[in-house]
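*Asks:* Dumping the structure here so I can ask a few things about it.
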Amino acid sequence: MQQSPPRSRRKPVQDFSLAPVMSALDAIEHGGAGVDDALRQLRRRHDCHPSHLAWAAEAVQNVLAARAEHVAHHLPGPGALPTEDIWVAAAELATPDARGAVRYERTAWGRRYASADGRLREIWLLSVNSVKDRTAAEIAEAAAVAVTGVPSVAGFGEPYRPTGAGAMLPEQVRVVAVGCGDGSRRVLADWDAEEAVRQYTRHAKPALARVIDLRANQTSPGSACVNCEGLPSCSQPPTIPLLLGVNRPRRVRRRRSVSVSDLRTHATCPAKYHLTRVLHLKSAEPESAAIRRGRAVDAWLNEQHRVRHSCRAALLPDVLPGLTTEETGPAARMIAEHAAVCPLDGLPEDEQVEVQPRRTAYDPELDAVVIADPDLLYTDAGGWVWRETKTAASRPWEGRPLMESFPQLALAVLLMSAGVLGGDPRRSRIELELLYEDGSACEELCPADPGTVEEARRVIAALAGPWAADETCTATPGHGCTGCEALRWCGPGLGHTAGS
Ligand SMILES: [Zn+2]
């Protein structure tokens, strides 16, 4: 289905981390290019951010090294060579099913290798940073596609076309995961053909049936909406004209999703935004203690709230995942401070509570899907309450307006005043809970107050304007460079930290 009129596909900067990695590997594995040549060609690309290319050059070498190790490990067995054909497992139906479909095609995205005699196939699943955990359904599906798929080429809008080459189905299949960022590698499955089919029937088939069913019956708005042609006519997410307070730009670009964390990161440094929020690149450096502490406190509170326990009576934890013994003390003191302001304390049984529910809205001017993840939503006497909880080492600067310090609150005001949550706006409120080691504070904002809404618009527009207009994501080096997860690949940032 195509959107009408067609929407812009323009990408001023490549936003898919693995795109340059895949093309360089294609050049090496299918085009016969030498590694040095392929890397030289990679660095000459104009569609990618320079730091993205620096990362991709490392990633290509990491994948090749992982591949070489894997091949050496499995010697003297049959070697598998790169294959350009896509394996397609297709099911043709004699009559259209309830959804009107007559053909289903299943493919698995990754790099493909096959032994010369066709008996062994391997599919490599690439992830951006480290090897990531995959579900049994994902692994079984990749294996099943590799073991039953017919070598084909893309039909570009048409069904895949079989190439006719090497059509013999294999006897053995391996699914291998590789992390492009660190070169980590894990064999997820090493099965004979019968086992692959068994695993598919057991794990993947039910999952696929659920996916088809879900799409037919309900919506699940989120970042996937950026790729959906049906968005303008869909019931979700709700359309809020000028939500971000920025007029349609002169040069329209491909739809994007955006959160307040994205906007804040962009305001700090556009390159950091692109590398960490869009491309999701992560260096192997450990995260700061403050970030880990905040996450541990959030996780503990969410767990309590999910089972509707008021935190007042809860036993304080003496261990928290991800924290050392010394770090646990301050985090536990923050949790203790929360008990006094826990919103579930005394909340009547019939009120609704939602922990970290995703809320989305669509800004048609910027063609942007706006995503918010409140810490907690709950109803209170006919209105909704949006609660944000922040842990902090010190009090925020008194002179700075609350919504400027915490722009999540400004977006909450705009979404609630536009009725995204429902309920009576005059009975609704936004709460900011600040937790310190030695105290807490709770601030309130009213989304029905015109002055508050106006200030919220100003705060969000000031962040969204530069984000919407930015086509280059140029680094703005400064004190934020120290501890930046993308510093390793950032020329200007490395120059700055070396000089200071
Ligand atoms: Zn609580």
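Bear in mind that the values in this text are calculations on the coordinates, not laboratory data. No experiment lies behind these values; they were computed from the predicted model shown. Note that we place each Cβ from the backbone using ideal geometry, even for glycine, and neighbour counts take in every protein chain shown.
*Asks:* Pulled fully out, how much extra length does the chain show between residue 15 and residue 315, if you take 0.36 nm times their separation in residues and subtract their Cα-Cα distance?
*Replies:* 103.5 nm is the gain from fully extending residue 15 to residue 315.
*Asks:* Turning to a different aspect of this structure: What distance in nm separates the two pseudo spin-label positions at residue 207 and residue 26, each 7 Å out from Cα along the beta-carbon direction?
*Replies:* 2.6 nm
*Asks:* Show the residues, 5+ positions off or on another chain, whose built amide H is closer than 5 Å to the amide H of residue 384.
*Replies:* So residue 384 has HN proximity to 424, 428, 429.
*Asks:* Which angle between 0 and 90 degrees, to the nearest 10, do you get for helix 136-148 versus the longest principal axis of the chain when only C-alpha atoms count?
*Replies:* 20 degrees
*Asks:* On to the next question. What whole-number distance in Å separates the alpha-carbon centres of the stretch 155-174 and the stretch 291-315?
*Replies:* 50 Å
*Asks:* So what is the calculated 222 nm ellipticity per residue for the chain, using -39500 (n - 2.57) for each DSSP H run with n of 4 or more, over all residues, to the nearest 500 deg cm²/dmol?
*Replies:* Working: 13 runs with 163 residues, N = 500.
So the calculated ellipticity at 222 nm is -10000 deg cm²/dmol.
*Asks:* Using only the Cα atoms of the stretch 309-363, build the gyration tensor, take square roots of its eigenvalues as a ≥ b ≥ c, and label the shape rounded, prolate or oblate: rounded if a/c is under 1.5, else prolate if a/b is larger than b/c, else oblate.
*Replies:* Working: a/c = 3.04, a/b = 1.42, b/c = 2.14.
Here the stretch 309-363 falls in the oblate category.
*Asks:* A further question follows. Testing the spin-label approximation: label points 7 Å from Cα along Cα→Cβ at residue 91 and residue 250. State their distance in nm.
*Replies:* Those two pseudo-labels are separated by 5.2 nm.
*Asks:* Return one number: the angle in degrees, 0 to 90 and rounded to the nearest 10, between the long axis of the Cα atoms of helix 205-217 and the longest principal axis of the Cα atoms of the chain.
*Replies:* Tilt of helix 205-217: around 50 degrees.
*Asks:* Estimate the FRET efficiency between residue 187 and residue 325 by the formula 1/(1 + (r/R0)^6), using the beta-carbon distance for r and 51 Å for R0, to the nearest 0.05.
*Replies:* On the way: r = 36 Å, r/R0 = 0.71.
Step by step, r from the Cβ atoms, then E = 0.90.
*Asks:* Along the stretch 266-271, what does the Karplus equation 6.51 cos²θ - 1.76 cosθ + 1.60 (θ = phi - 60°) give for ³J(HN,Hα), rounded to whole Hz, x for Gly and Pro?
*Replies:* Result, ordered by residue: 4, 5, 5, 6, x, 5 Hz.
*Asks:* Please give the net charge around residue 180, taking every other residue with its beta carbon less than 13 angstrom from that of residue 180, where Lys and Arg add +1 and Asp and Glu add -1.
*Replies:* Details: positive: 67, 111, 132, 185, 282; negative: 58, 182.
Cβ neighbours under 13 Å give a net charge of +3.
*Asks:* If I stretch the segment between residue 424 and residue 233 completely, what's the gain in nm (0.36 nm per residue apart, minus their alpha carbon distance), one decimal?
*Replies:* Here the answer is 66.1 nm.
*Asks:* Decide, for the chain, between rounded, prolate and oblate: order the square roots of the alpha carbon gyration tensor eigenvalues as a ≥ b ≥ c, take rounded if a/c falls under 1.5, and otherwise choose prolate if a/b is larger than b/c, else oblate.
*Replies:* Prolate, since a/c reaches 1.5 and a/b exceeds b/c.
*Asks:* Under a Cβ-Cβ cut-off of 14 Å, what is the net charge of the residues other than residue 321 that fall near it, where Lys and Arg count +1 and Asp and Glu count -1?
*Replies:* -2
*Asks:* Nearest 10 degrees is fine. How inclined is helix 450-469 to the longest principal axis of the chain, computing both from alpha carbons?
*Replies:* Tilt relative to the chain: about 30 degrees.
*Asks:* How do 442, 481, 180 line up, fewest other C-beta atoms within 10 Å first?
*Replies:* On the way: 442 14, 481 21, 180 27.
Final ranking by Cβ density, sparse to dense: 442, 481, 180.
*Asks:* Then there is this: What are the ³J(HN,Hα) values, in whole Hz, obtained from phi via the Karplus relation 6.51 cos²θ - 1.76 cosθ + 1.60 with θ = phi - 60°, for each residue of the stretch 355-364 in sequence order, with x given for Gly and Pro?
*Replies:* 8, 6, x, 7, 10, 10, 8, 10, 9, x
*Asks:* Follow-up question, since we're still on this one. Can you list which of the GluC sites (Glu not before Pro) found in the stretch 377-414 are DSSP loop residues with at most 10 other C-beta atoms within 10 Å?
*Replies:* Answer in residue order: 398.
*Asks:* I'd like the distance between the alpha-carbon centres of the stretch 1-51 and the stretch 429-452, rounded to an integer number of Å.
*Replies:* Comparing the Cα centres of the stretch 1-51 and the stretch 429-452, I get a distance of 45 Å.
*Asks:* With labels modelled as points extended 7 Å from the Cα through the Cβ direction, what inter-label distance (nm, one decimal) is found for residue 65 paired with residue 336?
*Replies:* Distance between the two pseudo-spin positions: 4.7 nm.
*Asks:* Right, here's the next one. Ignoring solvent entirely, what values of log10 I(q)/I(0) come out of the Debye formula for the stretch 126-182 at 0.17, 0.21, 0.27 Å⁻¹ when each Cα is a single scatterer?
*Replies:* So the normalised log intensities work out to -0.75, -0.92, -1.01.
*Asks:* Let me ask another. Per residue, what volume in Å³ does the Cα convex hull of the stretch 374-470 take up?
*Replies:* Once divided by residue count, the hull of the stretch 374-470 is 111 Å³.
*Asks:* Can you give me the relative contact order of the chain as a percent, contacts being Cα pairs under 8 Å and 6 or more apart?
*Replies:* 14 percent
*Asks:* What do you get for Rg/Rh of the stretch 74-217 when both radii come from the Cα atoms and Rh is the Kirkwood radius? Show your work: numbers first, answer last.
*Replies:* Details: Rg = 15.7 Å, Rh = 16.0 Å.
Computed over Cα atoms, the ratio is 0.98.
*Asks:* In addition: Just the number, please: percent antiparallel of the DSSP beta bridges in the chain, rounded to the nearest 5.
*Replies:* Of all bridge pairs located within the chain, approximately 70 percent are antiparallel.
*Asks:* Starting from the stretch 195-292, pick out the GluC sites (Glu not before Pro) whose DSSP state is loop and whose Cβ has at most 16 other Cβ atoms within 10 Å.
*Replies:* Answer by residue number: 229, 287.
*Asks:* If the reach is capped at under 20 angstrom between alpha carbons, list the aspartates and glutamates near residue 11, excluding any in the same chain fewer than eight residues apart.
*Replies:* Filter leaves 47, 229, 262, 363, 365, 367, 470, 471.
*Asks:* Taking every pair of distinct Cα atoms and averaging 1/r, then inverting, what Kirkwood hydrodynamic radius in Å comes out for the stretch 183-318?
*Replies:* It works out to 20.7 Å.
*Asks:* Let me ask something else about it. Counting other Cβ atoms within 10 Å, keep those with at most 16, restrict to DSSP loop, and tell me which GluC sites (Glu not before Pro) in the stretch 301-351 are left. Please list the in-between numbers first.
*Replies:* Working: sites: 303, 326, 327, 337, 349, 351; in loops: 349, 351.
For GluC sites (Glu not before Pro) across the stretch 301-351 that sit outside H, G, I, E and B with at most 16 neighbouring Cβ atoms in 10 Å, the list reads 349, 351.
*Asks:* Here is a further query. Could you tell me whether the stretch 432-500 comes out rounded, prolate or oblate from its Cα gyration tensor? Rule is a ≥ b ≥ c as square roots of the eigenvalues, rounded for a/c under 1.5, then prolate if a/b exceeds b/c, otherwise oblate. Please list the in-between numbers first.
*Replies:* Details: a/c = 4.32, a/b = 1.56, b/c = 2.78.
Cα axes put the stretch 432-500 in the oblate bin.
*Asks:* Would you mind checking the radius of gyration and Dmax of the stretch 270-408 based on alpha-carbon positions, in Å?
*Replies:* Rg and Dmax of the stretch 270-408, Cα atoms, are 17.4, 50 Å.
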